[in-house]
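One structure is given here, and the rest of the page talks about it.
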Amino acid sequence: MRLPVRGSSDDPRLSELFAKGLTGPEGDPLNIFGVLGNHPDMLKRWLVFATHVLSKNTLSPRDRELLILRTGWNCGSKY
C-alpha cells in the first residue's frame, strides 16, 4: 500500500510548511513532502535534518549527491 500525497487543504499545519517553498512550479507539494505530510509533526522535524544535510554541512555538492545516490543503492531504493 502506498501513502497518499497530501496537500495544504488536508491539514492547516501543512499549508504553513508548504508555504516555505516545498512546492513545485504548479504550486503542488513535491512528492516527498506530500508523503511526509501524512505526519505533519514528523515533516517539520525532518526539515531541520534535511536542511542540515543539504546546506549546512562540510560536504561538497558533488560528494553529497554521491552519498545520497549510494545510500539509495545500498538500500535497494528505486530513487
Please report, ordered by residue number, the helices (runs of 4 or more DSSP H) entirely within the range 1-57 with at least 1 residues that are open to solvent by 100 Å² or more (accessible area, probe 1.4 Å) and either at pLDDT 90 or above or among the hydrophobic types (A, V, I, L, M, F, W, C) (or both).
-> 12-18, 40-55
Condition test on Gly76, is it at pLDDT 90 or above and not in a helix (DSSP H, G or I)?
-> yes
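The values are calculated or read from the model by the stated rules, or taken from the named source; none is laboratory data. These numbers come from a predicted model, not from an experiment. The area values use the complete protein model at the heavy-atom level, side chains included, leaving out ligands, DNA and RNA. Shrake-Rupley method; radii C 1.70, N 1.55, O 1.52, S 1.80 Å.
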